[in-house]
1. Only one residue in 157, 172 is surrounded by 17 or more Cβ atoms within 10 Å (Cβ to Cβ), free of Cβ contacts under 8 Å to residues at least 40 places away in the same chain and not hydrophobic (A, V, I, L, M, F, W, C). Which one?
2. Going residue by residue through region 188-196, is there one that turns out to be free of Cβ contacts under 8 Å to residues at least 40 places away in the same chain and crowded, with 23+ Cβ neighbours inside 10 Å?
3. Got at least one residue in region 254-263 being in contact with a Cys (Cβ under 6 Å, 6 or more places away or on another chain), among the charged types (D, E, K, R) and without any contact (Cβ under 8 Å) to a residue 40 or more places away in the chain?
4. Looking at region 222-240, which of the residues that are surrounded by fewer than 14 Cβ atoms within 10 Å (Cβ to Cβ) and at negative phi is farthest from the ligand (Cβ to nearest atom)?
5. Counting only residues that are within 16 Å of the ligand (Cβ to nearest atom), give me the helices (runs of 4 or more DSSP H) lying completely in region 104-199 with at least 3 of them.
6. Just to verify a result, which residue in region 61-77, among those that are more than 22 Å from the chain's Cα centre (by Cα) and touching a residue at least 40 places away in the same chain (Cβ under 8 Å), is surrounded by the most Cβ atoms within 10 Å (Cβ to Cβ)?
7. Quick one: residue 158 ticks every box in (1) modelled with pLDDT of 95 or more; (2) assigned by TED's automatic domain parsing to the domain that holds residue 300 except a single one, so which number is it?
8. From 19, 74, 66, grab the single residue that is modelled with pLDDT of 95 or more, closer than 24 Å to residue 277 by Cα, of a type in the set (A, V, I, L, M) and outside any helix (DSSP H, G or I).
Amino acid sequence: MQDIFKLVSLLVLTFAVDISNSPEEEIGFCLFDANSIEPNQYQCNPNPNFSYSTDPKDLQSFPELIIPVVFWGINRSDGSHDNALTNAKATEAIRLLNSAFETMNICFEFKDIKQINDSEIYWTDYYKFNKHIKKNYRVTQKDLNIYVPYRFTNNNNNLRGGKWSPNQLSVNMLNYNTGILPHEVGHILGLLHTHTGATAVNCEHVTRDENNPDYNAKCAGDRVTDTNATPKLYGKFHLINDNCEYEGKLKNCKGEMYQLTELDVRNFMAYTQHSCRSVFTIGQGIRLREFIRNSKEKGKMNFVKKK
Ligand SMILES: [Zn+2]
C-alpha cells in the first residue's frame, strides 16, 4: 500500500523525477503495449467519458461548484517559524485559485486555517512529510487540504510542491501564492502535465488536423486538444524568453519540431518559467469539469460541492 502511495505521489510531484507516462495507465484509457505495437500501428481510441471539446460555450454550461479549503500552517514544535502561514496569506491563496479557475465556474472558499507545531515536518523530505501527516493528522473527505511547510529538502531544497492524495496537496512557503498552487490543484481536479509522455514512443504528435492520420491529441500527452504537443521544459528555461515565448528547436519522438505558442509556455500545467505560469486553456477547463463530473458519478470527490 505504501508503495502505491509513493508511486502516486511521484506521478504528480512538481519538478521531481518525471515518470509521467504512468497517470494514464492508472486511469486506464488509451493503454497500449509498446513492445507489441509498432508506433505507426497505434490506434487512437479516445476515452468516451470525455468530450475533448474546446468550445467556450460548453465550458460556460457547467454549473457553479464550491470547494471548501482548509489550510495547514507548519511551525516548529515550540510554535516558532521563519515565515508563518497567516489568514492574510491564506486569503491571498484563495484569491489566486478563484482567479485561475474562474472560467471553469469553480469557487474556492476559505473554510479554516490550522496550525501544526511539529519540528519533524517543518522543513523535511516531501515523502516523509506526507507520511507523517497521514499518520498523525487525519482529515475528512469534505474539504480540500492545502499544507504549507517552510521548505522541502528534496532537490536541494528546491521542491515546490505536489499532490499526494485525492484531497491533499502541499506547497512550500515560497509558493502559496505562485502558479505552483493552481498547478497542484489542477492535478487534484484531474489535469495532467502538458508534456505527459513527451519521451514515450507514442508521444503526442504536433498536428492539430483531426483528418491527419498522425493526429493523436486525444490519446497522447495531456489528452487536451488545445494544448500543443510540448516537451518538458524544466531545465530548458534558456529556451523561454522574457515574454514567455519559446525559442527552442526541440523535436518530439517522431522528429517533428514542436510548435509552441506563448499560451503553451504560460500554461499552469507546463513545467515552465515560474513567472510565466498564468493560464489554463478552454480544453483543460472542460476536461477538468468532465473529470469532476465522472468522479462524482463514481461517488468520489466529495469535497467538490454543488452550489
Ligand atoms: Zn505537476
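The values are calculated or read from the model by the stated rules, or taken from the named source; none is laboratory data. Quick caveat: nothing in here was measured; it's all calculated off a predicted structure. Here the Cβ is made from the backbone with ideal geometry for all residues, glycine too, and neighbour counts use every protein chain on show.
1. Numbers: 157 fails: surrounded by 17 or more Cβ atoms within 10 Å (Cβ to Cβ).
From the options 157, 172, the qualifying one is 172.
2. First, the residues of region 188-196 that are free of Cβ contacts under 8 Å to residues at least 40 places away in the same chain: none.
Taking every residue of region 188-196 in turn, none turns out to be free of Cβ contacts under 8 Å to residues at least 40 places away in the same chain and crowded, with 23+ Cβ neighbours inside 10 Å.
3. First, the residues of region 254-263 that are in contact with a Cys (Cβ under 6 Å, 6 or more places away or on another chain): 262.
Add one more test, that the residue is among the charged types (D, E, K, R), and what stays is 262.
Next, only the ones that are without any contact (Cβ under 8 Å) to a residue 40 or more places away in the chain stay: 262.
The answer is yes, given that some residue of region 254-263 is in contact with a Cys (Cβ under 6 Å, 6 or more places away or on another chain), among the charged types (D, E, K, R) and without any contact (Cβ under 8 Å) to a residue 40 or more places away in the chain.
4. 238
5. Working: elements: 119-122, 126-136, 154-157, 180-188.
Passing ranges, in order: 126-136, 180-188.
6. Of all residues in region 61-77, those more than 22 Å from the chain's Cα centre (by Cα) come to 61, 63, 74-77.
Within this subset, residues satisfying the condition of being touching a residue at least 40 places away in the same chain (Cβ under 8 Å) are 63, 74-77.
Details: 63: 8, 74: 27, 75: 20, 76: 16, 77: 11.
Looking at the filtered set, the residue picked out is 74.
7. Going through (1) modelled with pLDDT of 95 or more; (2) assigned by TED's automatic domain parsing to the domain that holds residue 300 one by one, residue 158 breaks only (1).
8. 66
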